[in-house]
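First, the structure itself, so that you have it in front of you.
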Amino acid sequence: MINVLPIDRHTVDDAPPEEGSRRIINGEERVYYDGYWIKAYQVPADTLEAKKRLIDALTRRLFNHTEHGLNIPGTRLAEARAAFEAEEDAARRRIKGAMLAGALFNRAADIFRKLVELQACGIEILSDNPLMRECGRCLLEAMELGRNVLHRSGEEGIDELWGEPFRAFSIPLEDFYESRYIKIGQTMRDIDRIANCMIANIARLPAFAGAEPVILDLARAAKIKTETLRTDPDIFDVWAIMVTAGERLDALTPNPLDCNCSVEHDIAVGLQLLRQGRDLIFYITRARTPMPKSTREFVERCETFHSSGHAPMTHFRQD
């Protein structure tokens, strides 16, 4: 079984390390960002082949976390553009713009695959090659179009997902991977923020006594999942630990109401908030990037529930 490391902030007695500091901790290289020691991975050689694999992975990740129906083949780029340009209804134009962005991403990936094949045949591919410029143009246009696309939850867009493939194309791989550690640190910070909010506003109410350790287990597992690549051998244990932690929170049974409380809290609303917090932690953990709007609004709902006993409900879309 995996030895799950606690990912904690530095103690108050220690001066925080500089951002980007690296250390070997328990035999693993870790890099420090935003108060967390994050598991570091070896950067692949900066080649067209490596960039192609990375852009393919980032594109799959994008389609996995955004609205359905956007994975349009690059071969249909002209059709997608015509449909987008002809649409006059604003709501439908937004969706067709997202579909055009998907086609542009796939066109860029198609170009990269062919360039790698040519390079494998011994043909030198320079950065000013027309196909390289076309690939960059497709990724840049897709990023511009994708800024209004929502996460699959329906809560907000995640601009970072749209910008990553272009950045992977345009900067050295070492710089790209370092920027990902920054985002992972920010994601861990928000996981803790969501968990602490759930504990302070819900778990410490008499009706939800016993929820705190379950929430802490989920947050701890989520931070480890955030830092762990899908190709890591530990992923099987890491994912199983996180899913079962989420299931324990979902199965939580509230205690009977305490009539002596100054505020009467709606138990159904409290349970719904715990489940929404669990879902939000899963969303940002799987995307490995913060969702600031969703996090801010969730915190506000929890604080309203704590003070008034009720809160406006927002239902995430189900995948």
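Report whether or not R286 is basic (K, R) and free of Cβ contacts under 8 Å to residues at least 60 places away in the same chain.
In short, no.
I've got another one for you. Based on this model, can you work out whether R230 counts as assigned by TED's automatic domain parsing to the domain that holds I281, of a type in the set (K, R) and at pLDDT 95 or above?
So R230 does not fit the description; no.
Right, here's the next one. Is it true that G185 is closer than 24 Å to Y33 by Cβ and either of a type in the set (D, E) or touching a residue at least 24 places away in the same chain (Cβ under 8 Å) (or both)?
yes
Right, something else. Taking the options I224, I235, name whichever one is buried (at least 19 other Cβ atoms within 10 Å of the Cβ) and assigned by TED's automatic domain parsing to the domain that holds D266.
I224
In the set G102, G163, G136, G154, which member is under 30 Å from W37 (Cβ atoms), in contact (Cβ under 8 Å) with a residue 12 or more places away in the chain and within 28 Å of the chain's Cα centre (by Cα)?
G163
Considering only the range 93-112, I want to know if a residue exists there that is in a loop (DSSP other than H, G, I, E, B) and at pLDDT below 90.
no
Step by step: first the residues of the range 171-189, then only those that are in contact with a Ser or Thr (Cβ under 7 Å, 6 or more places away or on another chain) and not hydroxyl-bearing (S, T, Y), then the one that is farthest from A40 (Cα to Cα). Which residue is that? Full working, then the answer.
Initially, the range 171-189 is screened for residues in contact with a Ser or Thr (Cβ under 7 Å, 6 or more places away or on another chain), giving 183-184, 187-188.
The next check asks that each one be not hydroxyl-bearing (S, T, Y); those that pass are 183-184, 188.
Details: K183: 13, I184: 11, M188: 15 Å.
Out of the qualifying residues, it is M188.
Is it the case that some residue within the range 74-89 is within 29 Å of D192 (Cα to Cα), in contact with an Asp or Glu (Cβ under 8 Å, 6 or more places away or on another chain) and not in a strand (DSSP E or B)? So that I can check it myself, show each step before the final result.
Applying the first criterion (within 29 Å of D192 (Cα to Cα)) to the range 74-89 yields none.
Checked against the condition, which is being within 29 Å of D192 (Cα to Cα), in contact with an Asp or Glu (Cβ under 8 Å, 6 or more places away or on another chain) and not in a strand (DSSP E or B), the range 74-89 yields no hits at all.
Across the range 57-73, which residue is farthest from A103 (Cα to Cα) among those that are in contact with a helix residue (DSSP H, G or I) (Cβ under 6 Å, 6 or more places away or on another chain) and in contact (Cβ under 8 Å) with a residue 40 or more places away in the chain?
The first filter runs over the range 57-73 and keeps only residues in contact with a helix residue (DSSP H, G or I) (Cβ under 6 Å, 6 or more places away or on another chain), leaving 58-59, 62, 65, 70-73.
Still in the running and in contact (Cβ under 8 Å) with a residue 40 or more places away in the chain: 58-59, 62, 65, 70.
On the way: L58: 14, T59: 11, L62: 12, H65: 16, L70: 8 Å.
The selected residue is H65.
OK, next. Could you tell me how many of the residues in the range 75-95 are crowded, with 16+ Cβ neighbours inside 10 Å and under 16 Å from R107 (Cα atoms)? Even if it seems obvious, please write down each step before you answer.
Initial filter on the range 75-95 (crowded, with 16+ Cβ neighbours inside 10 Å): 76-77, 80-81, 83-84, 93-95.
So of that shortlist, the ones also under 16 Å from R107 (Cα atoms) come out as 76-77, 80-81.
Total satisfying the criteria: 4.
The values are calculated or read from the model by the stated rules, or taken from the named source; none is laboratory data. What you are looking at is a predicted structure, and each value in this text was computed from that prediction instead of being measured. Ideal geometry is used to build each Cβ from the backbone, glycine not excepted, and the neighbour counts take in all protein chains shown.
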